[in-house]
Structure formats: C-alpha cells, structure tokens
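S.K.: What follows is a structure written as structure tokens; I'll ask about it next.
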C-alpha cells in the first residue's frame, strides 16, 4: 500500500494523474471517496459526470450509504484502506473536527501512496492539515465548495456557477483549478493563512442567514401570517440582490432612517413574542446602525438616539 499508484513507476516522480490532455483537462482519474455524506456523494457524482472514474467509497451511516447508492449506483462501498488503494484521487469529505485524525491515521497506516492526490473539502483547513499525507508521498489539495448541500441531484445543478475556495502547493494549482472547473464551478484561490477567516465569512453569511430567516418567519407566524415564506421570499431576495450590488447603499428601514421609536417598539414586541430572537435583533440593529453611520446613510444625531435605545434594550439573556 506504500508503492506507486497503478500506471506509475517508483522512479517516476511525476505520476500520470497530473498529466493534462489536449483540452487542458486533467487525465481521467480513479476517484475514491472517504465519507459519502452530502458533500462527498455529490462531488463524486460531479466528477463522474466529467468523465472521471469513481472506483470506491466509504460511508458509515445508513443515510450516507443510501445516498451513495442513489447518486453513484455503480460505486462499490468498501473499507477505507481499500478506497485508498484503488484511488489516484481520494476525496476526504468528513467533518472538520474529524479530518486531522483521519489524515494522521491514514498516513500512519501506510494507506497514502506516492503520487496520490489527497483532497479534502473543509473550509476551515488549508493543506497544512494534510502534512502527514504529504510526507507519505501524497499530493495535497484543499477544495471547499462555497455552497450548502442537500445530498441530492439538485446539488449537481447548483454546482454550476458556484465557487470553490482552493488551496494547493504552487505546482498543483492548475490541477486543483481544473478539477473545480470540470465540476462546473469557479475556483477562487485562498492563501493558507486566510483559510479560517475565509470560512468564518462564509459561515457568518450563509449559516446565520438561515437563522435570521427562520426567526423572521417565527415572528410573522406570531403576528398571524399563515404563510410567512410567501411574504418574506420576494423581500429577502430583493434585499440580498441589492446588498450584493450596492453594498451599504442598499440599507433601508428604521435603523437606516434613525427611527429610534420604531426600533424600541420592535425590540419590545419581539421580546414578548419570540424572546430568544430579541438578542439577535438588538445585535444586528447595532451593527446596522454602525455601518449606516459610516456609509453616510445615518446622521450622527439620529445614530446617537438610536444607539441609546439599543443600549437599554433587553437581550435574549437578560432577566
């Protein structure tokens, strides 16, 4: 298991997995997937659609194994060591906290072979987490898709136009970029030292947006709206589009106008209807006021009154 991959000799330091075909795509790879969850199964299917050979996968839960059977029906499910043995490119699609231990265990067991592309899909980590695999002769790639996954064929369509945050050693940038392009997405280079901040930005924007949306729907239900999604969808879609296009110039509403009385009323009503949402409203209103002031959307005198109201507002942890 420590020898060269199929098709490469021990004396050949440039394995065929890195060769480019005439149309500048990587040569077809034998792909293995360790972790056939939402991300792994979808990316495997995307690579198969691009013409690569998904030769083996490993999944623990019944759900992940079922997902693999749906998206990759011809892929055999085997033990991790066998996935590694068969693969010229292995995708380590496991949770962030499990990744360092998995990499160290694979390298320690001699499961990484020379010239094997070892890629993970964690946003938090760059290629440093793959150091043990690199020392064993692996070629490290960090390929993080900047999108949420359902683990269904819908995700394959969403990959078109999505971006990946990629990190790689200099000689491997073209390989990382080509793989992402083949999946229908756009590669964006992220420096190793910036991976944690990059991931924090995505989590703050996407994950907290889900919380915000659901808090808003809970409040509308409390206000008697039976289908809050129908009311919020066009408003939030327009707000998101405007924010992306115009930045802070897109700010509207009582905070941007400096309507301290309205904001105070909001806080009281939210605290009465959905108390656990009050703290996030106050925190976001403060941050919105700060940005609106800096952007010239809010007068200093109005901002002072507004921030006074928010300073006295009850948070979700207040008694």
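S.K.: Mind listing whichever residues of the stretch 78-109 are assigned to a loop (DSSP other than H, G, I, E, B) and more than 24 Å from the chain's Cα centre (by Cα)?
M.R.: 78, 79, 87, 88, 109
S.K.: May I pose another question? Between residues in the stretch 42-54 that are under 14 Å from residue 90 (Cα atoms) and not assigned by TED's automatic domain parsing to the domain that holds residue 66 and residues that are assigned to a strand (DSSP E or B) and at pLDDT 95 or above, which pairs lie under 8 Å by C-beta distance while being six or more apart or on different chains?
M.R.: Cβ pairs passing all conditions: none.
S.K.: Looking at residue 112, is it buried (at least 24 other Cβ atoms within 10 Å of the Cβ), more than 24 Å from the chain's Cα centre (by Cα), outside any helix (DSSP H, G or I) and in the same structural domain as residue 162 (by TED's automatic domain parsing)?
M.R.: yes
S.K.: What do you reckon, is residue 75 crowded, with 22+ Cβ neighbours inside 10 Å, part of a loop (DSSP other than H, G, I, E, B) and touching a residue at least 24 places away in the same chain (Cβ under 8 Å)?
M.R.: Against the criterion (crowded, with 22+ Cβ neighbours inside 10 Å, part of a loop (DSSP other than H, G, I, E, B) and touching a residue at least 24 places away in the same chain (Cβ under 8 Å)), residue 75 qualifies.
S.K.: Confirm whether residue 87 is under 22 Å from residue 175 (Cβ atoms) and in contact (Cβ under 8 Å) with a residue 40 or more places away in the chain.
M.R.: Details: under 22 Å from residue 175 (Cβ atoms): yes; in contact (Cβ under 8 Å) with a residue 40 or more places away in the chain: yes.
It is true that residue 87 is under 22 Å from residue 175 (Cβ atoms) and in contact (Cβ under 8 Å) with a residue 40 or more places away in the chain.
S.K.: Right, another one. Pairs please, first residue from the stretch 198-227 and farther than 30 Å from residue 165 by Cβ, second anywhere and outside any helix (DSSP H, G or I), Cβ atoms under 8 Å, 6+ apart in sequence or on different chains.
M.R.: 218/274; 219/274; 222/274
S.K.: What number of residues within the stretch 241-252 are surrounded by 15 or more Cβ atoms within 10 Å (Cβ to Cβ) and not in a helix (DSSP H, G or I)?
M.R.: Total satisfying the criteria: 1.
S.K.: Filter the stretch 262-280 for residues that are touching a residue at least 24 places away in the same chain (Cβ under 8 Å) and over 13 Å from residue 222 (Cβ atoms); which is surrounded by the most Cβ atoms within 10 Å (Cβ to Cβ)?
M.R.: Selected residue: 263.
S.K.: If you go through the stretch 86-106 one residue at a time, do you hit one that is at pLDDT below 95, assigned by TED's automatic domain parsing to the domain that holds residue 46 and farther than 27 Å from residue 198 by Cβ?
M.R.: Checking the stretch 86-106: not a single residue is at pLDDT below 95, assigned by TED's automatic domain parsing to the domain that holds residue 46 and farther than 27 Å from residue 198 by Cβ.
S.K.: With the condition kept exactly as written, say whether any residue in the stretch 159-168 is at pLDDT below 95 and more than 22 Å from residue 28 (Cβ to Cβ).
M.R.: yes
S.K.: Might you check whether a residue that is in contact (Cβ under 8 Å) with a residue 24 or more places away in the chain, more than 25 Å from residue 207 (Cα to Cα) and within 17 Å of the chain's Cα centre (by Cα) occurs anywhere in the stretch 143-151? Before you say what the answer is, go through the steps one by one.
M.R.: Initial filter on the stretch 143-151 (in contact (Cβ under 8 Å) with a residue 24 or more places away in the chain): 143-146, 148-151.
Then drop every residue that is not more than 25 Å from residue 207 (Cα to Cα), which leaves none.
Scanning the stretch 143-151 turns up no residue that is in contact (Cβ under 8 Å) with a residue 24 or more places away in the chain, more than 25 Å from residue 207 (Cα to Cα) and within 17 Å of the chain's Cα centre (by Cα).
S.K.: Among residues belonging to the stretch 62-72 that are surrounded by 18 or more Cβ atoms within 10 Å (Cβ to Cβ) and in a helix (DSSP H, G or I), point out the one that is modelled with the highest pLDDT.
M.R.: If we take residues in the stretch 62-72 being surrounded by 18 or more Cβ atoms within 10 Å (Cβ to Cβ) and in a helix (DSSP H, G or I), then 71 is modelled with the highest pLDDT.
S.K.: Under the condition of being in a loop (DSSP other than H, G, I, E, B) and modelled with pLDDT under 95, which residue from the stretch 37-61 is farthest from residue 117 (Cα to Cα)?
M.R.: Filtering first and then ranking leaves 61.
S.K.: Which of the residues spanning the stretch 253-289 are over 12 Å from residue 306 (Cα atoms) and not in a helix (DSSP H, G or I)?
M.R.: Within the stretch 253-289, 253, 274 qualify.
The values are calculated or read from the model by the stated rules, or taken from the named source; none is laboratory data. As the structure is a prediction and not an experimental result, all values here were calculated from the model. Glycine also receives a Cβ, built like all others from the backbone with ideal geometry; neighbour counts cover every protein chain displayed.
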